[in-house]
1. Which of the residues belonging to segment 206-218 are of a type in the set (D, E, K, R) and surrounded by 12 or more Cβ atoms within 10 Å (Cβ to Cβ)?
2. Taking segment 189-209, which residues are within 21 Å of the chain's Cα centre (by Cα) and hydrophobic (A, V, I, L, M, F, W, C)?
3. Taking Pro276 as meeting all but one of (1) surrounded by fewer than 20 Cβ atoms within 10 Å (Cβ to Cβ); (2) touching a Leu at 6+ places or on another chain (Cβ under 9 Å); (3) more than 16 Å from His161 (Cβ to Cβ); (4) not small (Gly, Ala, Ser), write down the number of the exception.
4. Filter segment 222-248 down to the residues that are aliphatic (A, V, I, L, M) and outside any helix (DSSP H, G or I) and list them by number.
5. Can you tell me how many residues within segment 66-98 are in a helix (DSSP H, G or I) and either of a type in the set (Ser, Thr, Tyr) or modelled with pLDDT of 75 or more (or both)?
6. Report, by residue number, each residue of segment 99-138 that is touching a residue at least 60 places away in the same chain (Cβ under 8 Å) and not in a strand (DSSP E or B).
7. Identify all residues within segment 117-143 that are exposed (fewer than 15 other Cβ atoms within 10 Å of the Cβ), hydrophobic (A, V, I, L, M, F, W, C) and modelled with pLDDT of 85 or more; write none if there are none.
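The values are calculated or read from the model by the stated rules, or taken from the named source; none is laboratory data. Model, not experiment: these values are computed from the prediction. Reconstructed Cβ throughout: ideal geometry from the backbone, glycine too, with neighbour counts over all protein chains shown.
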Amino acid sequence: MPRGIGAQESSCSERGSVGFGLKLEVETLSHPPEWWCGLNFSDSNCRAAGFQADWIGQGCECRKLSKGSSAFIFLVRTSRFMANVDRAYNHIRNELAQVGLLADGVYLDAVELCISHEKSGCGGERGYVFEYVGHYAKRGYRPGVIYLPRDLPYISHKPGHTLMDTIRHEYAHAWYYIDPSFFRQEWFVHTFGAPYSNASPDPYRSWRKELKRDPDYQKGKARRKTDNARLNYYYNHLLQNFITDYATTNASEDFAETFMFFLKYRRSLERFANRPAVYHKLRMVERAVAVAARRAKQFTDRSYRRRTA
């Protein structure tokens, strides 16, 4: 599969080329659904919807696609989704190029983004990167690739969270896969409280123990008369130390969430100065990115161009 956006590798070799410069690998089923069998992707209705492709499946008779059919609706939604992913992916690649982590053939340029066969989790916008695929290799997964679920919505379920944020977050994990030795250096444990490979929430547990021993916090908590008020008080303290609640999961997720915010707000990090611990992490990530960018200078060709599959 070429670099860029694609669909997850399937067991068959049949491929259809989908619009917007993307490549969609269509899995050939032994008994495809009736509406899928023989779809004529060059149908005028599809062209009117901006979805152009050639169906190269075998053994099916072509039939026209009615505008109100489930197949037509599926194709329109898929085309919109893939177009949004394509725009978001290339936007993030441009951001990475600006901070020096990516150029044509350089460093994070090796990271691919694919649409997987799987549905999203309960959040509706989950992405993932495998460090070790294990038995998932039989299903076409590869390590170091950013995967987005096939039903990822283009309207976020979480207020303020975007498709670009998901890709930024997953690029952080893909970065570790590309250059794990960089993350084994002292800066990472110093910043995030545990090695990247430590999957336990040890930094969060340590912070929570210190918080319980803080007399000022206990006095403030005692002044809150309702459970909701005490919860909000606790959550405000949490966000002084972790950039999001998901960052409390473990050190690697803390880094990925912090990297996501760094990339998004890299020109205005001072907005986080009222959260000193978070601000320190952002500045440490900024410093790590600068060091990694200097490491990449061994490559002479640092030109950047927009890429699609």
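1. First, pick out the residues of segment 206-218 that are of a type in the set (D, E, K, R): 208-210, 212-214, 216.
Correct list: Arg208, Asp214.
2. Within segment 189-209, Phe192, Ala199 qualify.
3. It fails just one condition, (2).
4. Filtering segment 222-248 for residues aliphatic (A, V, I, L, M) gives 222, 229, 231, 238-239, 243, 247.
Listed by number, the list holds a single entry, Ile243.
5. Narrowing segment 66-98 to residues in a helix (DSSP H, G or I): 70-98.
With either of a type in the set (Ser, Thr, Tyr) or modelled with pLDDT of 75 or more (or both) added as a condition, the list becomes 70, 78-79, 82-98.
Residues that pass the stated criteria total 20.
6. Filtering segment 99-138 down to residues touching a residue at least 60 places away in the same chain (Cβ under 8 Å) leaves 99-117.
Val99, Gly100, Leu101, Asp104, Gly105, Leu108, Asp109, Ala110, Val111, Glu112, Ser116, His117 - these are the residues of segment 99-138 that are touching a residue at least 60 places away in the same chain (Cβ under 8 Å) and not in a strand (DSSP E or B).
7. Hit for segment 117-143 is Ala137, nothing else.
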